[in-house]
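Please treat every number below as a calculation from the coordinates, not as lab data. These numbers come from a predicted model, not from an experiment. Cβ placement follows ideal geometry from the backbone for every residue including glycine, while neighbour counts extend to all protein chains displayed.
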């Protein structure tokens, strides 16, 4: 091929239609998934669980643009170089093999003689003069000892070519998965250093003149479509497909029925992919809001004690009356609070008031921690000991669960009303603050603050009452101004449990008075932003904070870590640590200081220069022509995003960051289930995409599901949409083949 010519590749099969190295892509995708919070887009909101790995998206985009030639082996070699998954690329992926490992492996395969080890390596702590006096046999023994003890280091002045030669030899002894363990992901490496050496060979094979992916994508797009390629994703979800396509240089169109998905995709393109000036403006706006709310919280003195210590988190539990004894019993699945600080709670009977005091034990012994592991809720039963006798009551009995002859089910939990912000005195479940995690006054603002746990004092309880009073006094006004949610919980597969298990009927019922106050303050200060871009940026930060703000945040007992396991701090976790709305008997509640990191996050930066469009719309409503459609469609009945994202929509819909968007889950339009409605909805969606693509366009469908029948449905859906299947690739990730 010669220089770029319009439509030169118009009818040439794309590489993805012939072959891709699926095993390597699988391994890379798994490495990215295992990075968990280290993944590029998770900073925007880990509450969206369905993001596809960026490395997989990159493979799909490049595979759809790269042509096949009469040299299939070279085609794959070029693809691997562009993906940085070829052997040479690992030498540039910030190799972490130690000098001792390199020497040992090079010796094992005969690429390095023991007698020449000292030419390239020095032994830590052994001067050359001392070693030179030893016999060759003794030097050889010392070298082997140094390798075993990892005491070799590269000798200063070692020629770069020799170092690369030995590293290449060492890498040749590793499997692909082992290579991944000692190198970084391609997106973590500096692009110029990683891909700079490949462009000459890439251009020679493709007839391009690229020096970056943006150049290459534009030139390949012109050769195939006559213009820079437009990639469409009508199920954009967490934004990985539009973001990665835009980062490579494609123009992108992204839509989703769910406005929260569109918000995340916007964040990917404008925060992580935005220009430096826009990112800095948003960061300043986020910080200003956090600082303003922090000042108000500090002035109210609701998170500081009389000694100047500041609360980081509050631990709450439910409390219920035992029908057998009439005692009020605190409910928790465990009374262990912190293994790092050896802290637990202990129930102390108060016979006069027929309830239990909750004593916080610090510096607990191993025996005390072991005893506290078992809480008062075990195997769906309330279990506790009183005066040497053990009492058990099924949770269903406490709730008064019933089933009528006609199959109707329910229970006797009182249904909360819109005005309820705490339980009423005669409710089955009461809520009790039993422990506070404090940051010591001396270490406030330090890089490594010190913490301690303590039972709430009378002064602490007075502060809680002050917050409740403040919320009650302002509730009607805040609600009228759209600062607090007033949306009713619509029954569904996920949302029904909130009413069934707690009696909550409005989304606001999920939030304590403290978090209603914090949420109202955050919304008050963000709504003053007149610039739509700044308001969207502030909202992107608000949603991860919401993910840590309700009674659905379980308390994570941290651990010090050991071996390869990183330490974990004690903290109130995410609401959406999985795909469900989980209720807890004991839960953590972050103070404002524990939310700031979410409100003002540090995002990675990969500037996008292509054009992009993000709108909330149903897939079948597509009107935009796209050259490539790359989609990760709904998984039948796997994840009920149309239900669980109402948790966020309830807060945003009265004062939305994008007024032109529809801030509703639009449940009736959601493609869900596993019956004929699901299949019909999917056919309509893919038929719309087929109508809005050129004759030489491609569609790439990423699909993950454990049910074989759903895979069969997908095949019928593709054919029903008038599409022709030209290739199928199995990429294995943590959740299964895609």
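At a threshold of 8 angstrom on Cα-Cα distance, excluding pairs fewer than six apart, so keeping six or more, what relative contact order does segment 294-599 reach in percent?
Numbers: 527 pairs, mean separation 66.9, N = 306.
Computed over segment 294-599, the figure is 22 percent.
Starting at 0 and stepping by 10 Å, how many percent of the alpha carbon pairs of segment 1-159 end up in each bin?
Histogramming segment 1-159 at 10 Å steps yields 8, 25, 19, 20, 17, 8, 2, 0 percent.
Label residue 447 and residue 164 with points 7 Å out from Cα along Cα→Cβ: what is the distance between them in nm?
Spacing of the two 7 Å Cα→Cβ label points: 3.6 nm.
Pull out the extension gain between residue 190 and residue 339, defined as 0.36 nm times the separation in residues minus the alpha carbon to alpha carbon distance; nm, one decimal.
Values: separation 149, 0.36 × 149 = 53.64 nm, distance 3.96 nm.
Here the segment from residue 190 to residue 339 would lengthen by 49.7 nm.
If each residue's Cβ is checked for other Cβ atoms within 10 Å, how do 579, 307 rank with the fewest at the top?
Values: 579 16, 307 8.
Sorted ascending by nearby Cβ count, the order is 307, 579.
Need the full-extension length gain, residue 408 to residue 124, defined as separation in residues times 0.36 nm minus the C-alpha distance. One decimal, nm.
Details: separation 284, 0.36 × 284 = 102.24 nm, distance 7.59 nm.
Extending this stretch completely gives an extra 94.7 nm.
Using alpha carbons only, how many degrees (0 to 90, rounded to 10) separate the axis of helix 532-546 from the longest principal axis of the chain?
Helix 532-546 sits roughly 60 degrees off the main axis of the chain.
So how do 71, 420 line up by other beta-carbon neighbours within 10 Å, fewest first?
Working: 71 11, 420 17.
Going from least to most buried by this count: 71, 420.
Grab the beta carbon distance between residue 604 and residue 709, set R0 = 30 Å, and tell me the FRET efficiency rounded to 0.05. Don't skip to the end; give the middle numbers.
On the way: r = 39 Å, r/R0 = 1.30.
For R0 = 30 Å, the calculated efficiency reads 0.15.
Provide the percentage of antiparallel DSSP beta bridges, counting only those with both residues in the chain; round to the nearest 5.
Numbers: 54 of 70 bridges.
If we restrict to bridges inside the chain, about 75 percent are antiparallel.
According to a simple spin-label model (label point 7 Å from Cα along Cα-to-Cβ), what is the distance in nm between residue 22 and residue 362?
Taking the two extended label points, one gets 5.8 nm.
Among 512-520, 241-249, how do they line up from the highest to the lowest mean number of other beta-carbon atoms within 10 Å? Walk me through the numbers on the way to the answer.
Details: 512-520: 23.6, 241-249: 28.0.
Highest to lowest by the protection proxy: 241-249, 512-520.
Which of rounded, prolate or oblate describes segment 95-182 when judged by the alpha-carbon gyration tensor and an a/c cut-off of 1.5? Could you put the intermediate results ahead of the total?
Details: a/c = 1.99, a/b = 1.82, b/c = 1.09.
Prolate shape, in that a/c is at least 1.5 and a/b is the bigger ratio.
Estimate the FRET efficiency between residue 625 and residue 87 by the formula 1/(1 + (r/R0)^6), using the beta-carbon distance for r and 41 Å for R0, to the nearest 0.05. Intermediate results must be reported in sequence, preceding the final value.
Values: r = 40 Å, r/R0 = 0.98.
So the FRET efficiency works out to roughly 0.55.
Between the helical axis of 72-83 and the dominant principal axis of the chain, each derived from Cα atoms, what acute angle in degrees is found, rounded to the nearest 10?
Orientation of helix 72-83: about 50 degrees from the principal axis.
Once a ≥ b ≥ c are taken as the square roots of the eigenvalues of the Cα gyration tensor of the chain, is the result rounded (a/c under 1.5), prolate (a/b larger than b/c) or oblate (a/b not larger than b/c)? Walk me through the intermediate numbers first.
Values: a/c = 2.03, a/b = 1.32, b/c = 1.54.
Here the chain falls in the oblate category.
Could you work out [θ]222 nm for the chain from helices alone, using -39500 (n - 2.57) per DSSP H run of at least four and dividing by all its residues? Round to the nearest 500 deg cm²/dmol.
On the way: 26 runs with 271 residues, N = 738.
The helix contribution divided over the chain gives -11000 deg cm²/dmol.
Based on the mean of other Cβ atoms within 10 Å per residue, sort peptides 615-628, 447-460, 194-207 so the most packed one is first.
Details: 615-628: 19.4, 447-460: 13.5, 194-207: 16.8.
Taking the mean over residues of other Cβ atoms within 10 Å, the ranking is 615-628, 194-207, 447-460.
For the chain, find the longest principal axis of its Cα atoms and tell me its angle to the long axis of helix 136-148, 0 to 90°, nearest 10.
Helix 136-148 sits roughly 40 degrees off the main axis of the chain.
For segment 423-498 and segment 354-404, what is the separation of their Cα centres, given in Å?
Rounded to whole Å, the Cα centres lie 23 Å apart.
Determine the gain in length on full extension of the stretch residue 676-residue 395; use 0.36 nm per residue of separation and subtract their C-alpha separation, reporting nm with one decimal.
Details: separation 281, 0.36 × 281 = 101.16 nm, distance 3.75 nm.
So the chain would gain 97.4 nm between residue 676 and residue 395.
So for segment 576-688, considering every pair of alpha-carbon atoms, how many percent are separated by more than 16 Å? Intermediate results must be reported in sequence, preceding the final value.
On the way: 4758 of 6328 pairs.
Summing the P(r) tail past 16 Å for segment 576-688 gives 75 percent.
I need to check one value: relative contact order of segment 95-182, counting alpha carbon pairs closer than 8 Å and at least 6 residues apart, in percent. Don't skip to the answer; put the middle values down first.
Working: 78 pairs, mean separation 42.3, N = 88.
In percent, rounded to a whole number, it is 48.
Please state the shape class of segment 294-599: rounded when a/c is under 1.5, otherwise prolate if a/b exceeds b/c and oblate if not, all from the C-alpha gyration tensor.
Numbers: a/c = 1.63, a/b = 1.12, b/c = 1.45.
In terms of gyration-tensor shape, oblate.
Take residue 177 and residue 49, extend 7 Å from each Cα along the Cα→Cβ direction, and tell me the distance between the two endpoints in nm.
2.4 nm
Using Cα-Cα distances under 8 Å and only pairs 6 or more residues apart, what relative contact order does the chain have, in percent?
Values: 1282 pairs, mean separation 126.2, N = 738.
Relative contact order here is 17 percent.
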